[in-house]
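See below for the structure under consideration.
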Amino acid sequence: MEQSAEGVKRVFLDTFGCQMNDNDSERILGFLKNINYTRTSKPTDADLIILNTCSVRDKAEQKVYSALGRFKDLKDERPGLILCVAGCVAQQEGEKLLKRAPYLDLVFGPQNIHRLPDLIGEISKKRGRLVAVEQSASIDESEYGLSSASDKRAFVSIMRGCDNFCAYCIVPYTRGREVSRRSADIIDEVSRLAEGGVKEVTLLGQNVNSYGVGGAEVSFPELLRLVARIDGIRRVRFITSHPKDISVGLIRLFGEEPKLARHIHLPVQSGSDRVLKAMGRGYTASHYASKARLIKSLHPDIAVTTDIIVGFPGETEDEFEETIALLRDLRFDNIFSFMYSPRPLTKAAAFDGQVPADVRSKRLQRLQDAQRQITLERSRELVGKRVEVLLEGAPKPGECEFSGRTSCNRIVRFSHDGALPDSIVEVVVTEAYPNSLRAEFPVHGK
Ligand code: SAH
Ligand code: SF4
Ligand code: F3S
């Protein structure tokens, strides 16, 4: 063995953004483990600091520069400390980051994670500064499969990139072209996770419904079936579905495959046809509504959640009202809502009619007020119902408060004195709060 205990080094890793980035951070840690790094929660103890960044909104670049500023002094105190920026801001800014932050050692994009051990080796030998932001048209499987099972829940990337180029969105630039992983490799990864104790897996892609288009040997619903069949896997989730591509076949699969979690995240973005067209989303509000209604009519217990952008360039007050009307009509279980934020490289950043910040902010407030009530009403509809909870962690010593998530992805809490028979238990919902449910266990009167 070349490495001694003293050879162990420490990495501080901070992750921003979506589940893709969470998954990438796991892969980063996997590669670093192979070269003897362990994770620390204290930047002051670290030999390596990595910021895994997101650039989807809100002046992300500036935030990264100011975060980096905080680590500058540490570099003076700890000679040999390596400071890196990863993720979508790294991909977007590249060389510029090194120029503006002279104390930064490495910038690497999402498609260069597997090169990390080599890049770190080069930096420590020569103390040079490097940029690795090349994008390739194919997936090298050695980049994947490193996530370890440290929990009952895990995320698995089934594809990378996005080809949709929605007018507001930077993701196609930071994540590159859409490519699907081979289904056999995905099945292998999920099987290994299941052997390590994972019960719930979430399949990740920017547009999972186009999995396999132009390459992979199975369609997305077929992939879901294969994953659901893996021993030990008890729940399968997926994000994100695109309304233009979600198929009736997939919606029907929920009636046939009991392991599919009862939740679909289906981002609508706006209730106005003109705005949807300008965004380049590829569907109208009524087309979206008909898909959402089909889900509800076939499977009334499926929770449908969505993303909304307010204040897209040119959005009028009436168009914004159409979004509010759509919320009231479809009564989503929950929404994630954002003020439009102009992003570099995107078409919409150059559109006329940019909406002033105060108007965007007021619209966001109104939208969230309207949804708050709906979310609570949807929660209350669950009171008295039996739901299955996948437990998350164990109660603290001396306490008896358990928590977990329902199949429809709501947080549930309940008290129980003693151990539970399984990692998934049935409870009955007793109270609904805006962001969680209270329940009773065991369920009486079966
Ligand atoms: N691939 C997914 C999600 C991508 S990003 C999809 O297509 O739905 C997650 C969410 O961020 C988007 O759904 C959108 O609502 C929001 N978003 C993306 N770019 C944005 C921007 N420039 N300003 C505000 N919100 C944005
Ligand atoms: Fe962005 Fe649109 Fe791709 Fe989603 S589908 S990642 S919103 S470009
Ligand atoms: Fe995700 Fe943010 Fe990149 S949302 S894909 S980390 S820009």
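The values are calculated or read from the model by the stated rules, or taken from the named source; none is laboratory data. A quick note: this is a predicted structure, and the numbers were derived from the prediction, not measured. Using ideal geometry, Cβ is built from the backbone for each residue, glycine included, and neighbour counts are taken over all protein chains shown. Ligands, DNA and RNA are stripped out before the accessible areas are found, and what is left, the full protein with its side chains, is counted by its heavy atoms. Shrake-Rupley method; radii C 1.70, N 1.55, O 1.52, S 1.80 Å.
Other residues lying with their Cβ under 14 Å from the Cβ of residue 168 contribute a combined charge of +3, Lys and Arg counting +1, Asp and Glu -1.
When the chain is treated as a GNM with alpha-carbon contacts under 10 Å, the residue of 31, 71, 332 showing the greatest mean-square fluctuation is 71. Computed from the Cβ-Cβ distance with R0 of 22 Å, the FRET efficiency linking residue 284 to residue 321 stands at 0.85.
Our estimate of slack between residue 336 and residue 381, defined as 0.36 nm per intervening residue step minus the Cα-Cα distance, is 14.1 nm. Of the heavy-atom accessible surface of the range 149-261 (probe 1.4 angstrom), what whole percent is carbon and sulfur? Ligands and nucleic acids excluded, carbon and sulfur give 49 percent. Once backbone amide H atoms are built at 1.01 Å from N, residue 413 has 437, 438, 439 as its partners under 5 Å, excluding neighbours fewer than 5 places away on the same chain. Considering only 224, 382, 326, the mean-square fluctuation computed in a Gaussian network model of the chain, springs between alpha carbons under 10 angstrom, is largest for 382.
Taking every DSSP beta bridge that has both ends in the range 404-446, the antiparallel portion is near 75%. Compute the distance from the alpha-carbon center of the range 91-151 to that of the range 231-291, in whole Å. The range 91-151 and the range 231-291 have Cα centres separated by 33 Å. Give me the net charge for the shell around residue 395: Cβ to Cβ below 10 angstrom, other residues only, Lys and Arg +1, Asp and Glu -1. Here the count lands on -2. Ranking 173, 37 by solvent-accessible area of protein heavy atoms (1.4 Å probe, all protein chains present), from largest to smallest, gives 173, 37. For the pair residue 77 and residue 277 in one chain, pulling the backbone fully straight at 0.36 nm per residue adds 66.7 nm over the alpha carbon distance.
Here the range 312-379 and the range 187-205 have alpha carbon centers that stand 35 Å from each other.
Counting 0.36 nm for each residue step from residue 419 to residue 357 and taking away their Cα separation leaves a gain of 17.2 nm. Volume of the convex hull of the range 386-440 (Cα atoms only), normalised per residue: 75 Å³.
Taken one residue at a time, the phi angles of the range 30-42 give Karplus couplings (6.51, -1.76, 1.60, θ = phi - 60°) of x, 5, 6, 4, 4, 10, 6, 9, 10, 8, 10, 8, 10 Hz. Gly and Pro are set to x.
For the chain, modelled as a Gaussian network with Cα springs under 10 Å, which listed residue fluctuates most, 418, 212, 109? Sorting by GNM fluctuation, first place goes to 418. With both residues required to sit in the chain, DSSP beta bridges show an antiparallel share near 30%. Restricted to Cα atoms, the chain shows a radius of gyration and a Dmax of 23.0, 70 angstrom. The local environment of residue 189, defined by Cβ-Cβ distances under 10 Å, has a net charge of -1 under the rule Lys, Arg +1 and Asp, Glu -1. Calculated on the Cα set of the range 9-132, radius of gyration then Dmax: 13.0, 37 Å.
Considering helices alone, the calculated mean residue ellipticity of the chain at 222 nm is -10500 deg cm²/dmol, with DSSP H runs of length four and up weighted by -39500 (n - 2.57) and normalised per residue. May I ask you to derive the FRET efficiency for residue 45 and residue 142 from their Cβ-Cβ distance with R0 = 25 Å, giving the value to the nearest 0.05? The formula returns an efficiency of 0.25 here. Treating each Cα of the range 264-381 as an identical point scatterer and summing with the Debye formula, the log10 of I(q)/I(0) at q = 0.20 Å⁻¹ comes to -1.09.
For the pair the range 412-446 and the range 1-70, the centres of their Cα atoms are 36 angstrom apart.
By DSSP, the beta bridges lying fully in the range 149-261 are antiparallel in about 15 percent of cases.
Here the calculated FRET efficiency for residue 345 and residue 229, from their Cβ-Cβ distance with R0 = 60 Å, stands at 0.90, rounded to the nearest 0.05.
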